[in-house]
Structure formats: C-alpha cells, structure tokens
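Laboratory data are not the source of any read-out in this text; all were calculated from the coordinates shown. If you're wondering where the values come from, they're calculated on a predicted model, not measured in any experiment. Positions of Cβ are backbone-derived with ideal geometry, glycine not excepted, and every protein chain shown enters the neighbour counts.
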Amino acid sequence: MFESIVPRAGRRGVIAVVCLGMLMAACGSSSPTAGSKTHQETASGPSGTVSGQATTTTVAGSPTTQAAGAAGNSLASGGSSGGLGGGQSGSNSASSGGGQVAGGTGGGTVSGFHYTPAHLWSGAAETQGITASTITLCMHAATVLGDAFNERPQDLGVYWTWLNANGGVIGRKVNMTIEDDEYTAQGAQVAAQECESLNPFLVLGGIGFDQDPVVRQLAEQDHFIYIYTMADAGTGHYTYSFTSSPTIQQVGKWVAQAELDRHYPGPYGAVYVNDAAWVGGYTTYKAWMDAHGGSSVDQNSYTTNSGGDTSGFQAYITELKVAGVKTVYLWMNALAMDAFVEQAANQGYYPAYVTPDGFNLVTQTVGKDIDNQSPAPKPTLAAWITPAFDPNNPNVAWWPEEQQMINVYKQYDAGHSPDDIDWMTWLAFEQITDLFKTCGNNCTRDDIVGIFHSGWQVTTGPLCPVNFSSNPNFGGSMINLFSAYRENGSTVWRQQATCQSSF
C-alpha cells in the first residue's frame, strides 16, 4: 500500500515536474501486423551503456519482483515472437470512458473497445510485474529538483495511496518505485536501467525533453513498455513506447499560431535550446512565423544549451532590447525561463513572452514581470497539456476535480498544499488507471501494447482526448493555452483555450 515512501540513501527531494505523460502525441503512421486473436474487455469502472548510480524512492511499499524466467526485457535475440498484434477492428471507434471518478476508484469506465493483443512476450515474461494482487511500476523523474518545485517524496504517491485504499484497480494494488534521472539524458538512462532491474509491468517517464527520447530508445532496444510525457517526434514509429502528449514539433507550431492569432506585437525574437532533443520545437515555430508575417524572428534568435544554461542571457537581452523586439519566444525549461525574465527585468526589458512553460513556478517566481499588469505589451502566453491549476477559481469546468484532489491530499498528505505539479501527476495517474481498466482483469504486457496498436481512444477527466487510431505510438493532438493574469495580488495562469489543435 501507499502508506509510506522509503528513500534510498543519498536521495535529494522528490520529483520535480512529474507530469508523466498523460500517457502519450502525434505524428507519422504505422500498420502493425495482424495478431492471432481478438480480445474484447468491458472494464468496470539510446542505446549504449552509461555508468552511474541512480537513487530510488519506493512508493506504495516494496515493489513485487517476479522471477520472469527469461526476463521480459531481454527477449530472444530474434526479437518479438509473432510480431505485433493489432491493426484496427471495426469497433475501435468507440469512445473509451469519461475519466469520471466513481466509487472512490478514480479513472473512468470503458465499454465496447476491441483490441488485439500483441505477441511480443511469452511465458512468465508476458505477466512480468503483475500478479493476482499487485501491479509493479517504475518511473524515472527529476527528483533532484524537488526542492525547487516544493515536492517531497510522500507528496507524489497520494493518488496511488488513495486508489489502493479504495480497492485499487482491476482488483490489484499498485506499487511504484521512482528512480532519480537527475534531469539529464545520461541520468535518465541510468535511472531507466535501474527500473529494468526491478522487472516492472511498465516503465513511466517524468517530463524531460532530454530524458524521454533516451529512455524511448532504450525501451526499443531492451523490449520494455515505456509510457512517457512530451518529446520530439523521433522516428515516428516505435514498438514499445507510447505517449498521449503532443510532440514538441506540434507545440512549437501551436505557440506561433496563437501568438499571431492574438496579435502579439513584432518585431519577434526567440531564445531556444539548440539541442537535438529540443530544437524541433523551435524549427516548427520559426517555419510558421516565417510563412505568416513573423519572419523578423530570423534576425533575432539566439541559442542556449540544454540543462538550464543561462550563460548568454545578459548579452541576448541587450541585443533583443536594442533591436526593439517586443515579443520573445522562450523555448527552454521553466527554471531557465525564470532566470531569463528576472535578468531582463534587471536590464529594464519587458517584452511579451510566449512559451510552453505554463507552470506555477513561473507565475509565482516572476509573475509580476510577465502578467497583464506588468510593463510588458501583453501578458505571457503559455501552452501546456494539462488544464491550468487554480483551485481558487470555481468558474472552470474542472474545479470539482481540483477540489476532490485537494480533499484527498488533506486526508492522506496533511500539511502539504497541492500545486500544479501534484495536479499534473494526479491526472496522469488517472489516465494510467483508465489504461488498466481498458486492459481488464487478465491484463498482460501484450494486452497493453495491443491496446495502443488497436487505436485506443480515451478522455480522462479534464485531460484532452487522446486517440491512437492514426498512430499507435502518439495519441495527443491538442493543447491548452494560458495567459498570466494578476488576481488578488498574485499572478496566476488563466486558461484562454481548451484542448485545441489549431489557433
């Protein structure tokens, strides 16, 4: 049960931006090979070796390690047995659940969804990490940043604590271990390998444009199921990796569309991470701006390195200010954005900002320099995959679920004030719960892969609908849009658009 979190020595903090993935994103297409059986369930309710040592937190008790025979993560050298099951059956268009929490079990109810299991594992490897009473999960996340995000180990597991106390899911309790990926690509590989050693049912990925692609490659190499957050489009086709988030390429285009649609003033500029795992979110932004009257961004774009590099900010701000740039696209992590905005204000520069960093860390740190009452020509515009968390605003459609989460935290994590990171995590785990419900009581790893390859569709709570019918690896095609507004003396994100795929 999730009654405690037991840290391993050397651990610092907890998960930073754990908004795990709302499972899955969109691009490309693939057609899996037809399998040998059809399954219908009605549910109730980079390659290579990197040396290093990860730190571990066990959530919900000790994970159950199964003797998986030929260890499910290392199939025979010939690869999968029988190829992927799937393709689309005639009734896959049925909507899966509504994500409504009922009877204290969370998630949603699923009916009428047909899927064909994959044929990737056999024997004990097929049920690695799942027994008649438990499901073992392992997640890599940037626990090293816990202090910055006001998150402790016990704060993360509240959803599973509550779910387990109310019967679990598909008759099982969930045990989850978190491995610290140190918010680096190298750390993510080490953490994922630590996860592999536990023989979990699934490996989950906390947010990290640098981290998730590395683990995605490792999953394809070592044959474990990987469900992650947002990343670049990669090859567009994977056997073992899935996300319900949009790709960074989609997000870059959407931010450009929204910026121009809402008449953010030019000249335009950008400061972006020039790294293979990040640059796709700038190239699509630039392409849209160039084609729609925003080409001034070409002369006013500056690069930075991944990992929160701030070394060039003072010089870049001077150049942008001299050029008269009025709107700046910040394609970097939230900590780096805070540093940029603070440095710009110190230099007397207050442009409008557009960014994917719709986190409360930004509004709570530099809010008065970016909101509607700041000297900026327009409030900062941000895009993100979960709805804006503002539990003091009863006028949003998701307010009842925010209140439900807050009440659960009062019961299971007294003293911690839930924030947007907890909100993201809560919704992500609800979607994982919906996945298990779709899989049903006899769930196996082949079933999970088959669900995606059969075109899973689901809407979980206030999350945007996901649909894997066009691409079994990427299910997300929508985003939420926020603006920074001052309310009662504090800056908050006010949602301007919900679950849109164009602006």
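Can you bin the range 265-343 into rounded, prolate or oblate? Criterion: square roots of the alpha carbon gyration tensor eigenvalues sorted a ≥ b ≥ c, rounded for a/c under 1.5, prolate for a/b above b/c, oblate for the rest. Kindly include the intermediate steps, with their values, before the conclusion.
Numbers: a/c = 2.10, a/b = 1.18, b/c = 1.78.
Oblate is the answer for the range 265-343, as a/c is 1.5 or above yet b/c matches or exceeds a/b.
In terms of its alpha-carbon gyration tensor, the range 243-289 comes out oblate; a/c meets the 1.5 threshold, while b/c is at least as large as a/b.
Based on the mean of other Cβ atoms within 10 Å per residue, sort peptides 345-356, 179-190, 202-213 so the most packed one is first.
Values: 345-356: 20.0, 179-190: 25.1, 202-213: 26.9.
So the peptides 345-356, 179-190, 202-213, ranked by packing, come out 202-213, 179-190, 345-356.
A simple spin-label model places the labels of residue 395 and residue 131 5.2 nm from each other, with each point 7 Å out along Cα-to-Cβ.
Once the C-beta distance of residue 404 and residue 322 is scaled by a Förster radius of 45 Å, the resulting FRET efficiency is 0.35 to the nearest 0.05. Can you tell me the FRET efficiency between residue 441 and residue 411 if r is taken as the Cβ-Cβ distance and R0 is 25 Å, rounded to the nearest 0.05? After rounding, the FRET efficiency stands at 0.35.
Can you flag which of 253/368; 286/368; 253/286; 321/378; 173/437 are past 19 Å Cα-Cα? Could you put the intermediate results ahead of the total?
Details: 253/368 27 Å; 286/368 28 Å; 253/286 8 Å; 321/378 16 Å; 173/437 13 Å.
As for pairs spanning more than 19 Å Cα to Cα, those are 253/368; 286/368.
In angstrom, the C-alpha Rg and Dmax of the range 183-285 are 15.9, 53.
Given the range 293-408, report the % of alpha carbon pairs whose separation exceeds 19 Å. Summing the P(r) of the range 293-408 above 19 Å gives 51 percent of all pairs.
In terms of the Cα gyration tensor, with a ≥ b ≥ c the square roots of its eigenvalues, is the range 382-503 rounded because a/c is under 1.5, prolate because a/b exceeds b/c, or oblate? Display every interim value, and only then the final one.
Details: a/c = 3.16, a/b = 1.47, b/c = 2.14.
It comes out oblate by the Cα gyration axes.
For residue 273, the residues whose amide H sits under 5 Å from its own are 304, 331, ignoring neighbours fewer than 5 places away on the same chain, with H placed 1.01 Å from N. Working note: Karplus 6.51/-1.76/1.60 with θ = phi - 60° gives the range 258-266 the couplings 5, 4, 6, 4, 9, 6, 6, x, x Hz, where Gly and Pro are set to x.
Distance from the alpha carbon centroid of the range 428-475 to that of the range 219-256 works out to 15 angstrom. In this calculation the C-beta distance from residue 342 to residue 274 is compared with R0 = 25 Å, giving a FRET efficiency of 0.70.
The modelled label-to-label distance for the pair residue 373/residue 152, using points 7 Å beyond Cα in the direction of Cβ, is 3.2 nm.
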